[in-house]
Amino acid sequence: MNSILTNEKYKGDALLQKTFCADFLTKKTVKNQGQVQQYCIEESHPSIIDPEEWDLEMERRKKMNIPGRCKGPMAGKLVCGNCGRITAGRCGQATM
């Protein structure tokens, strides 16, 4: 369900160049983190989710700082000491 609520394709948009070829000789692809310009094509195909509902969900997630997965009895109740995000049984910023 989380992948539906965060994937722009369900809204009817397409985000191009999420990954790019870093080395054309080895054909190694890398996740784009600002190295290459990305393009958003709005209304590129029929939407599955109403775009207004999708936008409302993105706003709700931004306000609540919801991580990728929320499971377990303490999900949404603990805050990571490193990054300040609400934890969900795992935290990508955890350090030992």
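Please treat every number below as a calculation from the coordinates, not as lab data. Worth saying up front: this structure is predicted, and the values here are computed from it rather than measured. Don't worry about glycine lacking a Cβ; one is built from the backbone with ideal geometry, like all the others, and counts go over all protein chains shown.
Net charge of the neighbourhood of residue 46, taken over other residues with C-beta under 12 Å away and scored Lys/Arg +1, Asp/Glu -1, is -1.
Taking max minus min of the alpha-carbon positions on each principal axis, region 2-64 gives extents of 43, 29, 19 Å, largest first.
Once the C-beta distance of residue 39 and residue 60 is scaled by a Förster radius of 25 Å, the resulting FRET efficiency is 0.45 to the nearest 0.05. If the chain linking residue 9 and residue 47 were pulled fully straight, counting 0.36 nm for each residue of separation and taking away their Cα-Cα distance, it would gain 12.9 nm.
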